[in-house]
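Have a look at the structure below before the remarks.
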Amino acid sequence: MDNKSRNLEEEFQARIDAGENIEAKDWMPEKYRKTHIRQISQHAHSEVVGMLPEGNWITRAPSLRRKVALLAKVQDEAGHGLYLYSAAETLGISRDELMEQLNSGKAKYSSIFNYPSLTWADMGAIGWLVDGAAIINQVMLTKTSYGPYARAMVRICKEESFHQRQGYEIMLTLCNGTEAQKAMAQDALNRWWWPSLMMFGPRDEESPHTEQSMKWKIKRKTNDELRQQFIDQTVPQADLLGLTIPDKDLKWNDERGSYDFGPIDWEEFWNVVKGNGLCNRKRLKARNEAWDNGKWVRDAAVAYAEKQAERKVSKAG
Ligand code: BYC
């Protein structure tokens, strides 16, 4: 590295250390730019693919009220995808390139969305646990060092708390219902608990990006810190529902002021991340079909914009 680049990097790090936001037009190290494109686009893809397990239940929601709330939630997720793709575009990558990475299977998205949503109780468990985990991760990201990402996250977090409550309320209703409804809620918790813990990513000692991302304040807390925060927050919520967390090693540790918990099946996690989860292929197929079927809409939008631009030019002339 020459002296000029070294100075630029030192100045950049000093700005981060002073708590300044980095904006799109500011100088930034290439690795900082690439790390953001990777993380923001993975996040955007997760929102978009995340619509699929819940979209599966919109037509089968048990009442009009439940249907309206679920529809609003899924629609919010599309919106989150849009804010995040826009934030990624400020770093010099095009929307088409981002979509190509998702549709070809090159890009990652959250492991959690490769599990199937088998019963209505899964809508409760997803809102409660998946959105609950997402909020813990995303509140930290409202303080991330890249301005456009941090600002997108502020808006997203407000909507996520409605999502989490929507899910918890479904669980509460089921748990106050018949024996069969409570059993359905317990079954959903049993299936979604461990995958929700995996959402936070690999253990700190196996996370290749954490150290640098903490230094650049992209991440403000490590994967393990956030996972522990989620467990400590969620166990009392399960108690209130009268449900049992499916972990026989789960135990309050007075000394640490936190819950100890059992081993996570990291082999399962990496298997899902590598594309071999229960629904990976199905999810990619659905996204590719949506992309192909939406071509006429994109073409019509471009043609309309061109026509409007032509009209402006001829009026001005
Ligand atoms: N699934 O060094 P690490 C939502 C990858 S959506 C798949 O710890 P990093 C919602 C990781 O990408 C929630 N892959 O990485 C939507 C990396 O691979 P590459 C999504 C994972 O980036 C609809 C490798 O493992 N939230 O809220 O420092 C309905 C090593 O990991 C996963 C976000 O995306 C995973 N779970 O930390 C309801 C938040 N975990 O790229 C809800 C933004 C790790 O080297 N993202 N990997 O090939 C982040 O905060 C961070 O990217 C992570 C991972 C904490 C997820």
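The values are calculated or read from the model by the stated rules, or taken from the named source; none is laboratory data. For clarity, every value in this text was computed on a predicted model and none was experimentally measured. Here the Cβ positions follow ideal geometry from the backbone for every residue, glycine too, while neighbour counts run over all protein chains shown. These accessible areas exclude ligands, DNA and RNA; they are computed on the full protein's heavy atoms, side chains included. Shrake-Rupley method; radii C 1.70, N 1.55, O 1.52, S 1.80 Å.
Stretching Asp260 away from Gln308 to a fully extended chain increases their span by 11.2 nm, per 0.36 nm per residue minus the current alpha-carbon distance.
For Thr90, no residue 5 or more places off, or on another chain, has a built amide H under 5 Å of its own.
Round to the nearest 0.05 the FRET efficiency obtained for Arg38 and Glu225 when R0 = 22 Å and r is the Cβ-Cβ distance. Provide the component values of the computation, followed by the final result.
Values: r = 21 Å, r/R0 = 0.95.
Using R0 = 22 Å, I get an efficiency of 0.55.
Would you kindly calculate the translational diffusion coefficient of region 120-199, applying Stokes-Einstein with the Kirkwood radius from alpha carbon pairs, for 4 °C and a viscosity of 1.567 mPa s, and quote it in µm² s⁻¹ without decimals? Let's see the in-between values first.
Values: Rh = 13.2 Å.
Using the Kirkwood radius from Cα pairs, D works out to 98 µm²/s.
For the pair Asp17 and Asp239, label points projected 7 Å from Cα toward Cβ lie 4.3 nm apart.
Note on Asp224: accessible area approximately 50 square angstrom, rounded to 10, probe 1.4 Å, nucleic acids and ligands left out. Counted residue by residue at 0.36 nm each, then reduced by the alpha carbon distance between them, the extension gain from Ala301 to Arg155 reaches 49.9 nm. The eigenvalues of the Cα gyration tensor, multiplied by 5 and square-rooted, give region 52-105 an equivalent ellipsoid with semi-axes of 30, 13, 5 Å from largest to smallest. The simple Förster model, with R0 at 51 Å and r as the Cβ-Cβ distance, assigns Asp2 and Leu118 a FRET efficiency of 0.30. Shown here for region 194-256: trypsin sites (Lys or Arg not before Pro) in loop regions (DSSP other than H, G, I, E, B) with at most 12 other Cβ atoms within 10 Å, namely Lys248, Arg256. Considering only Ser161, Ser94, Tyr32, and ranking their Cα positions along the charge dipole of the chain that arises from unit charges at the beta-carbon of Lys, Arg, Asp and Glu, the one farthest toward the positive end is Ser94.
Among the GluC sites (Glu not before Pro) within region 168-265, which fall in a DSSP loop and have no more than 11 other Cβ atoms within 10 Å of their own Cβ?
Details: sites: Glu169, Glu179, Glu205, Glu206, Glu211, Glu225, Glu255; in loops: Glu255.
Qualifying residues, ordered by number: Glu255.
For the chain, what's the relative contact order in percent, using C-alpha pairs closer than 8 Å and at least 6 residues apart?
With pairs under 8 Å counted, the relative contact order is 18 percent.
For the chain, what does the convex hull of the Cα positions come to per residue, in cubic angstrom? Provide the component values of the computation, followed by the final result.
Details: hull volume 55.4 nm³, N = 317.
Cα convex hull per residue, to the nearest whole number: 175 Å³.
The H on the amide N of Ile22, modeled in the peptide plane, is under 5 Å from the matching H of Tyr146, Gly147, each at least 5 residues off or on a different chain. Taking the square roots of five times each eigenvalue of the Cα gyration tensor of region 222-304, the equivalent ellipsoid has semi-axes of 42, 17, 13 Å, listed largest first.
Let me have the 222 nm mean residue ellipticity of the chain computed from DSSP H runs of 4+ only, each contributing -39500 (n - 2.57), with the sum over all residues rounded to the nearest 500. Intermediate results must be reported in sequence, preceding the final value.
Values: 14 runs with 207 residues, N = 317.
Taken over the chain, the calculation gives -21500 deg cm²/dmol.
Working from Cα pairs under 8 Å separated by at least six residues, relative contact order for region 63-178 is 30 percent.
Tell me whether region 175-252 comes out rounded, prolate or oblate; compute the Cα gyration tensor, take square roots of the eigenvalues as a ≥ b ≥ c, and use a/c under 1.5 as the rounded threshold.
Prolate, since a/c reaches 1.5 and a/b exceeds b/c.
Computed from the Cα positions only, the extents of region 13-133 along the three principal axes stand at 53, 34, 21 Å, in decreasing order. Our note on the geometry: Cα centres of region 266-317 and region 1-56, 23 Å apart. Full extension of the chain between Lys143 and Ala78 yields a length gain of 21.1 nm, computed as 0.36 nm times the residue separation minus the alpha carbon distance. Measuring r between the beta carbons of Ser94 and Asp232 and using R0 = 35 Å, the FRET efficiency lands at 0.25.
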